[in-house]
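S.K.: Quick one: the structure is below, questions incoming.
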Amino acid sequence: MAIKWTQALAVGHPTIDGQHQELFRRLDKLLEAMMKGDRDEIGRLFDFLASYVVEHFGTEEKLMRDAGYAGYEMHKLAHERFVKDYLAFRKSYEDAGGGAALTIKLQNWVGDWLKAHIAGTDQVLAKALVKRAG
Amino acid sequence: MAFEWAADLAIGVEEIDEQHGELLRRAERLVRALEAGDRVGIEPLLRSLADYARSHFECEERWMLHHEYPGFEAHRDGHRRFLDEFRGQVHELQRLGPTPGMATAIHGWLAGWMRDHLGGPDRDFGRWLRARGLSPGC
Ligand SMILES: [Fe+2]
Ligand SMILES: [Fe+2]
Ligand SMILES: [Fe+2]
């Protein structure tokens, strides 16, 4: 059970790529803690990720606003939906108290979302930002 | 007649193509009534076209958000423009009545919009979906 950032997910914008790598690292730790059933660690990581995700999305959204980026709204809506789903996931963890099925669900769901979002939406944004910077 | 389903307007995504077919059929019915000067018939046809257009746009926009389509905003603006212009046409129609001039104006506007939008932004979206093996679903 692991989730890894790979070079294939690099979007070519140092700030964004750095934050994505941190996101994957922490997510991997969360998966590990869930496998072990380490409840304190799980709680800490859930908290950390919730605020880190908001910070990361905020960074991207600020970059978009500063650049007058045309795809801002759609991108922001995608982030908002993720945050909502993440909080719902956390709640289902708290209600159900973990378990292998939930861990696998987290890996698949967050992993797939991140990969798809980074490879599509973030990639398009990074290209526009890099191009704009000349 | 300008609204017959033309194969070159198909974007290759079945669900969207079906909705476009229905949109064109409703546009055609409206234009026929306008050309016949059918005052009583026009009113419900205007509403039926506007309602269908709105739900079709919503459906496309939902897919775009779902798949995080990069062209979402520009595309949605195109839909909004259509609905705004549609309101403008209805307003004119109420002011002038279903005159032959009005029929020609609305016919030309509708045909042009359908050709440009279906053959432009919608085609781009269809190509994007197909390239990723994604399908809509709403
Ligand atoms: Fe993003
Ligand atoms: Fe991101
Ligand atoms: Fe359409």
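The values are calculated or read from the model by the stated rules, or taken from the named source; none is laboratory data. Predicted, not measured: the structure shown is a model, and the values here were computed from it. We place every Cβ from the backbone using ideal geometry, glycine too, and count neighbours over all the protein chains shown. Calculation scope for accessible area: heavy atoms of the full protein, side chains included, ligands and nucleic acids excluded. Shrake-Rupley method; radii C 1.70, N 1.55, O 1.52, S 1.80 Å.
S.K.: A:A96 passes all but one of (1) within 12 Å of another protein chain (Cβ to nearest Cβ); (2) farther than 30 Å from B:D77 by Cα; which number fails?
M.R.: Condition not satisfied by A:A96: (1).
S.K.: Here's something else I'd like to know. Report every pair of residues separated by at least 6 positions or lying on different chains whose Cβ atoms are under 9 Å apart, first residue within region A:1-23 and within 14 Å of another protein chain (Cβ to nearest Cβ), second away from ligand 1 (no atom under 14 Å from the Cβ).
M.R.: Taking only residues 6 or more apart or on different chains, the pairs are A:V11/A:V130.
S.K.: Turning to a different aspect of this structure: Residues being under 27 Å from A:R65 (Cα atoms), open to solvent by 20 Å² or more (accessible area, probe 1.4 Å) and aliphatic (A, V, I, L, M): count how many of those fall in region A:75-109.
M.R.: Selection size over region A:75-109: 3.
S.K.: Do you know which residues across region B:63-90 are at pLDDT 95 or above and open to solvent by 70 Å² or more (accessible area, probe 1.4 Å)?
M.R.: Answer for region B:63-90, where residues must be at pLDDT 95 or above and open to solvent by 70 Å² or more (accessible area, probe 1.4 Å): B:A74, B:R80, B:R81, B:D84, B:E85, B:R87.
S.K.: Going through region A:110-126 one residue at a time, which ones are exposed (fewer than 14 other Cβ atoms within 10 Å of the Cβ) and in contact (Cβ under 8 Å) with a residue 12 or more places away in the chain?
M.R.: Result: A:A119, single match.
S.K.: Now for a separate question. Of the numbered conditions (1) more than 13 Å from A:H20 (Cβ to Cβ); (2) more than 12 Å from ligand 1 (Cβ to nearest atom), A:V110 satisfies every one except a single condition; which is it?
M.R.: Going through (1) more than 13 Å from A:H20 (Cβ to Cβ); (2) more than 12 Å from ligand 1 (Cβ to nearest atom) one by one, A:V110 breaks only (1).
S.K.: Please count how many residues of region A:57-69 are assigned to a helix (DSSP H, G or I) and exposed (fewer than 12 other Cβ atoms within 10 Å of the Cβ).
M.R.: 4
S.K.: Still on this model: Just one of A:L45, A:L77 is away from ligand 3 (no atom under 16 Å from the Cβ) and within 13 Å of chain B (Cβ to nearest Cβ); which is it?
M.R.: After applying the criteria, what remains is A:L77.
S.K.: Any chance region A:106-114 includes a residue that's within 11 Å of ligand 2 (Cβ to nearest atom) and within 14 Å of chain B (Cβ to nearest Cβ)?
M.R.: Yes: region A:106-114 contains one or more residues that are within 11 Å of ligand 2 (Cβ to nearest atom) and within 14 Å of chain B (Cβ to nearest Cβ).
S.K.: Could you please give the count of residues in region B:35-58 that are touching a Pro at 6+ places or on another chain (Cβ under 9 Å), within 16 Å of B:E92 (Cα to Cα) and either exposed (fewer than 13 other Cβ atoms within 10 Å of the Cβ) or hydrophobic (A, V, I, L, M, F, W, C) (or both)?
M.R.: Qualifying residue count, region B:35-58: 2.
S.K.: Continuing with this model, one more query. Surrounded by fewer than 13 Cβ atoms within 10 Å (Cβ to Cβ) and of a type in the set (K, R): is that true of B:R32 in this structure?
M.R.: no
S.K.: Now, a different point. Given (1) assigned to a loop (DSSP other than H, G, I, E, B); (2) open to solvent by less than 20 Å² (accessible area, probe 1.4 Å); (3) in contact with a Lys or Arg (Cβ under 8 Å, 6 or more places away or on another chain), identify the lone condition not met by A:L45.
M.R.: In the conditions (1) assigned to a loop (DSSP other than H, G, I, E, B); (2) open to solvent by less than 20 Å² (accessible area, probe 1.4 Å); (3) in contact with a Lys or Arg (Cβ under 8 Å, 6 or more places away or on another chain), A:L45 misses (1) alone.
S.K.: For residues that are open to solvent by less than 70 Å² (accessible area, probe 1.4 Å) and among the small types (G, A, S), scanning just region B:115-132, find the one that is farthest from ligand 1 (Cβ to nearest atom).
M.R.: From region B:115-132, those open to solvent by less than 70 Å² (accessible area, probe 1.4 Å) are B:117-123, B:125-126, B:128-129; that's our starting set.
Narrowing further to those that are among the small types (G, A, S): B:119-120, B:126.
Numbers: B:G119: 31, B:G120: 27, B:G126: 25 Å.
Once the filter is applied, the top-ranked residue is B:G119.
S.K.: Follow-up question, since we're still on this one. Of the numbered conditions (1) at negative phi; (2) more than 11 Å from ligand 2 (Cβ to nearest atom), A:L125 fails exactly one; give the number of that condition.
M.R.: Exception for A:L125: condition (2).
S.K.: Mind checking whether some residue in region A:93-108 is of a type in the set (F, W, Y), modelled with pLDDT under 95 and over 30 Å from B:G133 (Cβ atoms)?
M.R.: Looking for residues that are of a type in the set (F, W, Y), modelled with pLDDT under 95 and over 30 Å from B:G133 (Cβ atoms), one finds at least one in region A:93-108, hence yes.
S.K.: Go through region A:26-41 and give me each residue that's touching a residue at least 40 places away in the same chain (Cβ under 8 Å), on the phi < 0 side of the Ramachandran plot and not charged (D, E, K, R).
M.R.: First, the residues of region A:26-41 that are touching a residue at least 40 places away in the same chain (Cβ under 8 Å): A:27, A:30-31, A:34-35, A:37, A:39.
Still in the running and on the phi < 0 side of the Ramachandran plot: A:27, A:30-31, A:34-35, A:39.
A:L27, A:L30, A:L31, A:M34, A:M35 - these are the residues of region A:26-41 that are touching a residue at least 40 places away in the same chain (Cβ under 8 Å), on the phi < 0 side of the Ramachandran plot and not charged (D, E, K, R).
S.K.: Looking at region B:29-85, which of its residues are among the aliphatic types (A, V, I, L, M) and within 12 Å of chain A (Cβ to nearest Cβ)?
M.R.: Result: B:M64, B:L65, B:A74.
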